[in-house]
2 protein chains.
Amino acid sequence: MDLDRSPLAAPFPDLPKIAGVTPRVARAGYKDWGRCDLTYVELAENTAVAGLFTRNVCCSSEVELGREQVRGGRARALVVNAGNSNAFTGYRGREAVEQIMAQVAKRLGCDRGEVFVSSTGVIGVPLPLDKARAGVSAALDAPECSWEEAAATIGTTDTFPKGALARAVIGDTTVTLAAIIKGSGMIAPDMATMLGYIFTDAAVEPAFLQDMLSAANERTFSCITVDSDTSTSDTVLAFATGRAGNAPLASPDAPGADAFAAALHDICRQLAHLVVRDGEGARKFIEVAVTGAVSDESARKVGLAIANSPLVKTAIAGEDANWGRVVMAVGKAGEPADRDTLSVGFGGHWVARDGVPLPDYDETPVAEHLRGSEVRIDVDLGLGDGRATVWTCDLTHGYIAINADYRS
Amino acid sequence: MDLDRSPLAAPFPDLPKIAGVTPRVARAGYKDWGRCDLTYVELAENTAVAGLFTRNVCCSSEVELGREQVRGGRARALVVNAGNSNAFTGYRGREAVEQIMAQVAKRLGCDRGEVFVSSTGVIGVPLPLDKARAGVSAALDAPECSWEEAAATIGTTDTFPKGALARAVIGDTTVTLAAIIKGSGMIAPDMATMLGYIFTDAAVEPAFLQDMLSAANERTFSCITVDSDTSTSDTVLAFATGRAGNAPLASPDAPGADAFAAALHDICRQLAHLVVRDGEGARKFIEVAVTGAVSDESARKVGLAIANSPLVKTAIAGEDANWGRVVMAVGKAGEPADRDTLSVGFGGHWVARDGVPLPDYDETPVAEHLRGSEVRIDVDLGLGDGRATVWTCDLTHGYIAINADYRS
């Protein structure tokens, strides 16, 4: 299937080399794609790792194993297969992952548990052992590739390669974070919902890296949705090689920890937004800003009810300031809300306040805002101080075309 | 907007006159529709009433008042406005409902609380008092109309009028149930999710009528979904005029109570299916049959996760036996499930059993089943005896066209 590049696509950023990180790509031929589909990233010894994994009960062997491996805290390599998720493939799927881990561990002379594997694509077809073996072998011997090549190689229905950059100063050392991500359908919050990889030369203790990654997740990956569907393979991994030479970060009190956490949060938000920008069929990037909820968590749930509502998403696609559908979505969220204190607006213009449409509401600036490709929905519940921002995209004919015609 | 008649439409049944029930229609002109949009149904004195209402927090005044009125147990009239839901309209919306109640009560010489009002259509525009008054006035003087006319008059984006019939024998009396319903978008379970009205000549005590209606709801209206969106106005009312002359039913032990409950359940299921058959953009009617869950309620939640998944619904639209998406939806439901005991099939043909795709799976009968307009998805969780059946429709370009272009 030939997909047009998303109109919301962002150019690939100029990502620098991260000391201790070497990406390579190869072609395993999982699909008839005529392009590389296997990404291999070699990591310096003693690289710290942290991870987020799908909570989908029917997760892949890659996710099951990865969840265990992260507990070890150290990584030497990452392998990403694109075109086959290897999920719901029973013991044969697990065998394929273990083969890849063994093959790479043997070459690097490391523990198998330090080799992380992810796969994305069709569900229910075991990853073919021979193609995986040949692909990994080719990747191990391939020259170093660019970040953009790696980002393109992990993609499936993605229409553009996605990367992000952040920096932080720890003591007198500037550390760099570079990241790539794939994802555009089967995207729902509640966890990391895609394949995303963050690489930094900072020195960070694994447990603290995990704490910071989990905290960033709450306000980034857990706040996006394309279609309310949660993949069986979703994974975000953060790797810290320590090659920048800073004093290793081990706790929130360490000098520079705040700066690094802020940079990690920033790069996670960039990645999350990029996934929404490549949401299947997306023509508009939608920010849902909820205030006045009884708690932040309640605000997030209300925001997601709005962001997951097909009627709200189609209204935005139609550039229709249909605030009644926003009211409906608030009301069905199952969270505390009071019709008589509820206010709804678009792009900073209130349309209804305290449960009543504004009598002097001027449709012109709202209509203009909705014609743009970046739309904001404002909701004030008028109950408390809870707030959250959630991101999604509109629901268009493109989503139907991609998913009714494409056998993923 | 001109909508094509749903390809899943059912012909309107031959509904008989129900003793003590007189429907009439008129044109209030809430929209530029050039057709009647106000339905008035007069009920014999002492008619028992029971009701189900949306749990959407941002419900309309009609729903708020109706919930109170049902406690009185008696009804003399029903007024349904189409084209304006009068939801989220504050005190002005409530004023309009109270005006209609007073106007009808005065004519009938009954209590205002015995006049039930529903409205459906655009959210956020107060029902115009003058149009409502003139419309009600015309309806009060209109001749009796057919059930089909009444069913057509309560519709909005519906593409065909929907009615259902059931009969039961109580003692030596045959009682009749006739019902009409509207709904095709903003349809989600968890309550009555549309406007539906059931009329019977049976004599039933209000409290027992409510018990039976609530029980029927659990396995009918609460088991359908079109788009996971829950309307602010949903209402189902059952009216029992008692004119059939049976010994009044007051408890499950009464002779004939089982037969009547079965007929009520049957007519509710018919109505629920009709709404799905008119689901916005629907081309296929989908039954999701879940077995082997830890409980019936758990099975229902898993069924709804499947039925609400845009990826499953688009796969069915594309006639793709994409059982991987079914697995994904099972896994995200948040209910107990075990990948290694999970089986998935279509139309009675298993595609995967106990967590592994069947090696000898023959795609031919499954593909043939999916080409039909009635599709069944079978899921066996392999954990317990819990089971549920849920109904939905596919997600097509038609849904996007209706909702991105139509300002409801």
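Odds and ends about this structure:
- Residue check for B:Glu205: more than 26 Å from A:Val312 (Cα to Cα) and at pLDDT below 85: no
- Residue match in the stretch A:243-257 (condition: more than 30 Å from B:Arg325 (Cβ to Cβ) and in a helix (DSSP H, G or I)): yes
- If the condition is being away from chain A (no Cβ under 14 Å) and of a type in the set (Val, Ile, Thr), then the stretch B:122-151 contributes only B:Val136.
- Where B:Asp278 falls short, out of the listed (1) of a type in the set (D, E, K, R); (2) modelled with pLDDT of 90 or more; (3) in contact with a Gly (Cβ under 8 Å, 6 or more places away or on another chain); (4) farther than 20 Å from B:Ala329 by Cα: (2)
- Test: residue in the stretch B:124-138 that is closer than 30 Å to B:Ala307 by Cβ, out of contact with any strand residue (DSSP E or B) (no Cβ under 6 Å at 6 or more places or on another chain) and not in a strand (DSSP E or B): no
- Which listed residue, of B:Thr39, B:Thr47, is over 21 Å from the mean Cα position of the chain (by Cα), surrounded by 20 or more Cβ atoms within 10 Å (Cβ to Cβ) and not hydrophobic (A, V, I, L, M, F, W, C): B:Thr47
- Criterion applied to B:Gly348, B:Gly386, B:Gly382 was being loosely packed, with under 15 Cβ neighbours inside 10 Å and at pLDDT 90 or above, and the one residue passing it is B:Gly348.
Yes/no per residue for (1) buried (at least 19 other Cβ atoms within 10 Å of the Cβ); (2) among the small types (Gly, Ala, Ser):
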residue	(1), (2)
B:Ala262	no, yes
B:Ile267	yes, no
B:Ile286	yes, no
B:Ala293	yes, yes
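- Selection of the stretch A:118-135 for residues being buried (at least 24 other Cβ atoms within 10 Å of the Cβ) and modelled with pLDDT of 95 or more yields A:Ala132, A:Gly135.
- A:Val79 vs. criteria assigned by TED's automatic domain parsing to the domain that holds A:Ala203, touching a Phe, Trp or Tyr at 6+ places or on another chain (Cβ under 6 Å) and at pLDDT 95 or above: yes
- Residue match in the stretch B:152-173 (condition: within 14 Å of another protein chain (Cβ to nearest Cβ) and touching a strand residue (DSSP E or B) at 6+ places or on another chain (Cβ under 8 Å)): yes
- A single entry from A:Ser231, A:Ser295 fulfils the requirement of being at pLDDT 90 or above, within 30 Å of B:Leu304 (Cβ to Cβ) and out of contact with any helix residue (DSSP H, G or I) (no Cβ under 6 Å at 6 or more places or on another chain): A:Ser295.
- Those residues of the stretch B:1-36 which are among the charged types (D, E, K, R) and buried (at least 21 other Cβ atoms within 10 Å of the Cβ), in sequence order: B:Arg24
- Per the listing B:Ala138, B:Ala142, B:Ala150, B:Ala105, the residue uniquely in contact with an Asp or Glu (Cβ under 8 Å, 6 or more places away or on another chain) and of a type outside the set (Val, Ile, Thr) is B:Ala105.
- Looking across the stretch B:357-400, the residues that are hydrophobic (A, V, I, L, M, F, W, C) and within 15 Å of B:Val330 (Cβ to Cβ) come down to B:Ile377, B:Val379, B:Leu381, B:Leu383, B:Ala388, B:Val390.
The values are calculated or read from the model by the stated rules, or taken from the named source; none is laboratory data. None of these values were measured; they are calculated from a predicted model. A quick note on method: Cβ atoms are made from the backbone with ideal geometry, for glycine too, and the neighbour counts reach across all protein chains shown.
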